[in-house]
1. What residue, among those in the stretch A:248-286 that are assigned to a loop (DSSP other than H, G, I, E, B) and hydrophobic (A, V, I, L, M, F, W, C), is surrounded by the most Cβ atoms within 10 Å (Cβ to Cβ)?
2. With respect to B:A28, determine if the residue is more than 10 Å from B:V60 (Cα to Cα), part of a helix (DSSP H, G or I) and at pLDDT 90 or above.
3. Please tell me if A:R41 is modelled with pLDDT of 80 or more and in the same structural domain as A:F117 (by TED's automatic domain parsing).
4. Only one of (1) modelled with pLDDT of 80 or more; (2) more than 22 Å from the chain's Cα centre (by Cα); (3) surrounded by 21 or more Cβ atoms within 10 Å (Cβ to Cβ) is not met by A:I142, so which one is it?
5. Scan the stretch A:190-201 for residues that are without any contact (Cβ under 8 Å) to a residue 60 or more places away in the chain and either over 17 Å from A:A27 (Cα atoms) or touching a His at 6+ places or on another chain (Cβ under 8 Å) (or both) and report the count.
6. For residues that are without any contact (Cβ under 8 Å) to a residue 40 or more places away in the chain and part of a helix (DSSP H, G or I), tally how many sit in the stretch A:122-147.
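The values are calculated or read from the model by the stated rules, or taken from the named source; none is laboratory data. What you see is a predicted model, and the numbers here were worked out from it, not measured in a lab. Note that each Cβ is placed from the backbone with ideal geometry, even for glycine, and that neighbours are counted across all protein chains shown.
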Amino acid sequence: MNQDADQLREAFVAHEYLAPDAAEVLAVAHVRARAYRRRRRAAQGAGGAVLGAGLVASSVAAAGWLPNNNGRHGGSTISMAAPAPLPSPTALTTPTPVASPSPLTSAQQDQALSAYFAAGYNYNDALALAQLWHMTGDPSTIKAEAGRRLLAGQTLPVKPSVASVANATDDADVNAFFAAGYTYEDAVGLAGLWKISDPYQAKIDAGTKLLAGDTLPIAPGSQPTPSTVATSSSDSVSTADLNAYVAAGYTYEDALGLRGLWKISDVYQVKVDAGARLLAGETLPIAPGSQPTPAAEASANAVASANDNAVNAYFSAGYTYDDAVTLSKLWKISDTYQVKIDAGQKLLAGQTLPIKP
Amino acid sequence: MTFEQFTSTRLPGLLRYAVVLTGNRELAQDVVQEVLARAQVKWRQIDRADSPDAYVRRMVMNEYLSWRRSWAVRNVRAVGERLDAIGDARATQRDHAQSVVDADDLWARLATLPRKQRAVLVLRYYEQLDDVAIADLLDCAPATVRSNASKALKNLRLTSEQQTRVQEKELT
């Protein structure tokens with residue numbers, strides 16, 4: 001059992017490096033959140049409860065959500081994926097045949113992926129497209145190809161899983177916000193001033209004011225850039241924090257103890273936070289090494305291990321779930337899992353069961 | 001805590017959790033994107049929770065468990081292909097980095113588990129949650145958690161034995 005636990009933990013931790021890029025994930029999440037807010041506003045405007053998801057979907061289809069060459073859908077949604085102004089999508093709008101995708105540069109691929117996600121497509125859609133197009137390989141390539149077709153004004157053969165509803169008014173407001181030189185950080189600052197939890201809404205409100213000729217309470221670009229997500233500098237800070245945590249004699253079990261106190265689910269984050277506090281000269285609420293593996297836990301592990309062995313013996317002898325149900329009736333035990341344990345223990349003790357496998 | 005503060009401090013950990021949970025970088029990305037999009041829209045409600053971090057992680061878990069079955073079907077084929085590759089790698093790299101190969105091997109076998117069984121293993125051995133907490137998270141009885149864990153471990157061992165037999169047959 002403990003060996004299993006160690007091996008599994010090692011396999012999990014060894015593959016944490018596969019985690020996707022945080023900035024990319026956040027950018028797409030912002031775009032999708034925007035689509036959800038629009039749907040919500042559209043639903044509220046049309047009478048809320050009356051307008052169900054099906055109506056929203058059909059309105060999306062009727063509006064022709066896919067961009068045309070002269071449309072602004074691709075460009076405007078991409079600009080929301082990243083606060084900084086992006087190059088015009090016209091660089092990729094050459095309507096060439098796309099039966100055999102040509103290799104994209106890194107910048108083009110990023111732009112194509114942004115367009116793909118901005119249009120509401122996701123991983124499952126890429127798999128569906130791969131089947132239709134008889135493409136194999138990395139799904140990112142398929143997404144990029146789909147994004148390229150979208151930017152070229154083409155229609156994809158599948159509908160997006162996340163419907164993106166175009167809203168020209170909001171786009172105009174947000175474009176006005178960015179055109180005036182304001183940044184995402186400015187939107188966060190304005191949201192704080194106006195007591196709005198959502199920076200995107202702050203962009204819309206700010207853009208509306210700008211278009212009406214009003215001035216905003218902060219100057220463009222006046223808000224400092226916060227520490228970015230998962231940058232190399234933050235990584236080095238995390239490493240320093242972790243080192244401080246370990247150097248102070250704290251252990252993995254201590255992190256588990258702190259996790260319960262601080263209500264942070266991620267043990268790694270607990271260590272980083274604890275290390276940061278130590279580096280700031282603070283003391284932690286528990287002493288180093290004060291959280292050994294509890295005897296109760298070890299005991300529970302031992303019980304669980306014995307149970308696992310019994311259940312394995314049960315299945316190894318050829319018995320099935322249906323047999324457990326039969327035995328549960330014979331032994332009048334309602335929990336079939338407990339029946340398997342009891343039966344397995346009997347088998348391990350050399351006894352025979354009242355039914356054959 | 002604002003949504004921005006949450007993502008600036010918690011997102012890397014959330015992504016690590018998602019990739020361990022899903023076993024697939026692309027799926028982890030999609031799941032977290034979807035969850036963050038919905039979390040952003042209803043952040044006020046989430047911020048009122050005792051632990052926004054735990055709330056969002058629960059959202060990630062639910063999203064993963066309810067993800068379309070089509071993904072799982074396609075992914076099993078991909079894992080089969082990957083198992084072959086790992087078998088080749090094992091033959092040539094057995095002398096060094098054995099632990100890395102073993103971890104990769106186990107990772108590939110984990111990908112063959114039903115989602116709920118995998119989730120239980122991740123919550124128990126990666127998140128270090130006890131069975132009662134896992135049961136609460138998965139909305140089932142602790143006995144079901146133990147049952148899923150037991151089946152998962154059994155499946156992993158069986159897969160390993162089958163793989164070994166195949167490799168031995170190929171060598172002979």
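1. The qualifying residue surrounded by the most Cβ atoms within 10 Å (Cβ to Cβ) is A:I264.
2. Working: more than 10 Å from B:V60 (Cα to Cα): no; part of a helix (DSSP H, G or I): yes; at pLDDT 90 or above: yes.
No: the conditions fail for B:A28.
3. Here the answer is no, as A:R41 does not meet what is asked.
4. Every listed condition holds for A:I142 apart from (2).
5. Here the count works out to 8.
6. 17
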